[in-house]
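Presented below is the structure to which this report refers.
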Amino acid sequence: MAESILTKEKGTDKERAIKIHSLLKSHFVKYKHLKIKFTILKFDQYFNSGKQPKIHDRHIYTNYFTVKCGIGFDLFNKTKRKVGDSEVSIRFNFQPRQMKTLPVKLNGLKVYVNNMKNMNKMDVFKMYPEDMGKFDCPLLN
């Protein structure tokens, strides 16, 4: 869904992030029983201190689960599965193995977000929605 916007749409990173955020938000509206709040962070090597684990866009961290996808989340073309060697795994965050690796990964993301907040790089898109003061992620607090 969002992958098609990235490949076909022209525009700045911010413009594409706004479109993707809007698309995902409209998709999540149907889940009225869930409170879904998300922010799109752009990876920029400038904000990566190198001390944290490699940040990868194929992981989604939630309060209870980690969703991981091998080659990407763009596995379906409408109703048909695309041919690709990929695997989607959903793991409960409080399993023993996850409890060993998850804190390290989340701490790495926390370092990245703090660098993003504190380091000034001129005219660079960092995140959408843009208000760093309102960026509230319980997993990274």
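The values are calculated or read from the model by the stated rules, or taken from the named source; none is laboratory data. Quick caveat, the model's predicted, so the values are computed rather than measured. Note that each Cβ is placed from the backbone with ideal geometry, even for glycine, and that neighbours are counted across all protein chains shown. Accessible surface is based on the protein model in full, side chains and every heavy atom, while ligands, DNA and RNA are left aside. Shrake-Rupley method; radii C 1.70, N 1.55, O 1.52, S 1.80 Å.
Numbers below:
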read-out	value
Matching residues, region 19-53, being part of a loop (DSSP other than H, G, I, E, B) and closer than 16 Å to Val124 by Cα	Lys42, Phe43, Asp44, Asn48
Breaking point among (1) more than 28 Å from Gly11 (Cα to Cα); (2) of a type in the set (Val, Ile, Thr); (3) modelled with pLDDT of 75 or more; (4) open to solvent by 60 Å² or more (accessible area, probe 1.4 Å), for Ile36	(1)
Of all residues making up region 121-141, the number that are surrounded by fewer than 11 Cβ atoms within 10 Å (Cβ to Cβ) and either modelled with pLDDT of 85 or more or over 20 Å from Ala17 (Cα atoms) (or both)	2
Residue pairs meeting the criteria (Cβ under 6 Å; at least 6 apart or on separate chains; first of a type outside the set (A, V, I, L, M), in region 8-37; second open to solvent by 80 Å² or more (accessible area, probe 1.4 Å))	none
Single unsatisfied condition, Ile55 versus (1) at pLDDT below 80; (2) open to solvent by less than 50 Å² (accessible area, probe 1.4 Å); (3) over 29 Å from Glu15 (Cα atoms)	(3)
Residue in region 90-103 that is surrounded by the most Cβ atoms within 10 Å (Cβ to Cβ), counting only those that are touching a Ser or Thr at 6+ places or on another chain (Cβ under 8 Å) and in a strand (DSSP E or B)	Arg91
Unmet requirement for Asn118, which otherwise passes all of (1) exposed (fewer than 10 other Cβ atoms within 10 Å of the Cβ); (2) in contact with a Leu (Cβ under 9 Å, 6 or more places away or on another chain)	(2)
